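What follows is a single structure, written as structure tokens, with notes after it.
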Amino acid sequence: RKEVEQDPGPFNVPEGATVAFNCTYSNSASQSFFWYRQDCRKEPKLLMSVYSSGNEDGRFTAQLNRASQYISLLIRDSKLSDSATYLCVVNDEGYSTLTFGKGTMLLVSP
Amino acid sequence: DAMVIQNPRYQVTQFGKPVTLSCSQTLNHNVMYWYQQKSSQAPKLLFHYYDKDFNNEADTPDNFQSRRPNTSFCFLDIRSPGLGDAAMYLCATSRDTGGGGAPYFGPGTRLLVL
């Protein structure tokens, strides 16, 4: 099975800061990419899909770089409530299911 | 609201005592997944159903079995739980497999094995 790698963090940032996470994937034929958010002892929740052209949802921007095989998540104006683990998820062509990274922990402090 | 429901939310069992976890969905999705997640680790896929077709991951122990009697329900049976099976068990659904729709997760069942 192909790999999905994330920096586990934690990323400690103050409120209002901008923070970015990267996620690298090993299979160049990967087709679909997602960012999930997981709070402590809760289920993962879909944050956003990642499209080739990049996409934005409020304070969150996702980018895909196929040449370098990574996706990124940018969070602007961080809120305390953004504190969570962010999971990168990749669909590998030839596999019928998704591969999860181990997640990057974000801690936003007052 | 359409959703993925898991019962129970917390399950305590004894070493070797069979346990069944349940999942139901109102999304009418074709695919239902069972994931195991241990602390600070990524969710690990155990198996999934595409409609009635069962797909087992190669490294899923035989101790784990699943049933999907209809579109809405899916069960995870652990025949002889060991201490190492203590984890969060997450049920998820998606419209299709792979990139055909991101999975929606239920709230999970936290299993404790004594």
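The values are calculated or read from the model by the stated rules, or taken from the named source; none is laboratory data. Only a predicted model underlies this, so the values are computations on that prediction, with no experimental measurement involved. Here the Cβ positions follow ideal geometry from the backbone for every residue, glycine too, while neighbour counts run over all protein chains shown. Side chains are part of the model used for accessible areas, which takes the heavy atoms of the whole protein and leaves out ligands, DNA and RNA. Shrake-Rupley method; radii C 1.70, N 1.55, O 1.52, S 1.80 Å.
Side notes on the structure shown:
- Selection status of residue B:27, closer than 26 Å to residue A:45 by Cβ and not basic (Lys, Arg): yes
- Scanning region B:14-45 for residues that are at pLDDT 95 or above, open to solvent by less than 60 Å² (accessible area, probe 1.4 Å) and of a type in the set (Val, Ile, Thr) returns a single hit, B:19.
- Of all residues in region A:34-63, those that are more than 10 Å from every other protein chain (Cβ to nearest Cβ) have Cβ atoms under 8 Å from Cβ atoms of residues that are assigned to a strand (DSSP E or B) and among the acidic types (Asp, Glu), 6 or more apart or on another chain, in A:62/A:56.
- Pair list, Cβ under 6 Å, 6 or more apart: region B:77-88 residue touching a residue at least 12 places away in the same chain (Cβ under 8 Å) and among the hydroxyl-bearing types (Ser, Thr, Tyr), other residue open to solvent by 10 Å² or more (accessible area, probe 1.4 Å) and part of a loop (DSSP other than H, G, I, E, B): B:80/B:16; B:80/B:63
- Selection within region A:17-54: residues that are assigned to a loop (DSSP other than H, G, I, E, B) and small (Gly, Ala, Ser). The member of this set that is surrounded by the fewest Cβ atoms within 10 Å (Cβ to Cβ) is A:53.
- Filtered residues of region B:62-101 (kept if within 14 Å of chain A (Cβ to nearest Cβ), open to solvent by less than 10 Å² (accessible area, probe 1.4 Å) and assigned to a loop (DSSP other than H, G, I, E, B)): B:98
- Selection within region B:105-114 - surrounded by 21 or more Cβ atoms within 10 Å (Cβ to Cβ) and assigned to a strand (DSSP E or B): B:105, B:109, B:111
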